[in-house]
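Read-outs: derived from the displayed coordinates by stated rules, not from any lab. What you see is a predicted model, and the numbers here were worked out from it, not measured in a lab. Ideal geometry is used to build each Cβ from the backbone, glycine not excepted, and the neighbour counts take in all protein chains shown.
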Amino acid sequence: MANTALHLVLMVFISLVVSFTEAKWAESVEATKEATPSETVTNLQFYFHDTVSGKNPSAVRVAQASDTEKSPTLFGALLMADDPLTETPDPNSKLVGRAQGLYGSSCQQELGLIMAMSFAFSDGTYNGSSISIFGKNPITNPIRELPVVGGTGVFRLARGYAIAHTHWVNATAGDAVVGYNVTVVH
């Protein structure tokens, strides 16, 4: 039961549905009410692939509380991730970066994660730049909003938000694909 709940949590966490053209995962637009005239607003759309199963997982449990396995929400489980970010939901599509950081089961009454993640980009204009996400991820919600709290490189002093939606989840294995649509002011 506990392993199934953790797998479900991990899968939902990874899933985000994003609508975008396959050839274009990022676009800068003119300043909006969220940005000053000297700032740029960039929209990023990509997929996050979280794999906890198999011989080469991209996320592994690194700690847990003494009662984690007894909890229906796996409260206290902490995982470290180095997940690929791709242009489409296909894991073999173009790699645009990696999601590196940690997430843990932070809710006793619902399936929810606290997420501290750096999305480090390795493609095109954004190669070498990153954005930092930190916040609650209520994974059973079909659409989740997470804050962008900073960034590096092109995204230095970034702020914004990420909309996450589960695209695919394997409840048995715990693997998931999450679509992200991120709006960044920098």
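Assorted remarks:
- Positions within the range 121-132 being part of a loop (DSSP other than H, G, I, E, B) and within 18 Å of N43 (Cβ to Cβ), in sequence order: D123, N127, S129
- Residue pairs meeting the criteria (Cβ under 6 Å; at least 6 apart or on separate chains; first under 16 Å from M115 (Cα atoms), in the range 162-179; second among the small types (G, A, S) and part of a strand (DSSP E or B)): H165/G179; V178/A164
- Of the candidates I131, I163, the single residue that is surrounded by 20 or more Cβ atoms within 10 Å (Cβ to Cβ), hydrophobic (A, V, I, L, M, F, W, C) and either out of contact with any His (no Cβ under 9 Å at 6 or more places or on another chain) or within 23 Å of A26 (Cα to Cα) (or both) is I131.
- Qualifying residue in the range 133-154 (condition: in a strand (DSSP E or B), among the β-branched types (V, I, T) and more than 16 Å from the chain's Cα centre (by Cα)): yes
- Taking the range 155-182 as the range and being polar (S, T, N, Q), under 24 Å from L95 (Cβ atoms) and either part of a loop (DSSP other than H, G, I, E, B) or more than 12 Å from the chain's Cα centre (by Cα) (or both) as the test, only N170 passes.
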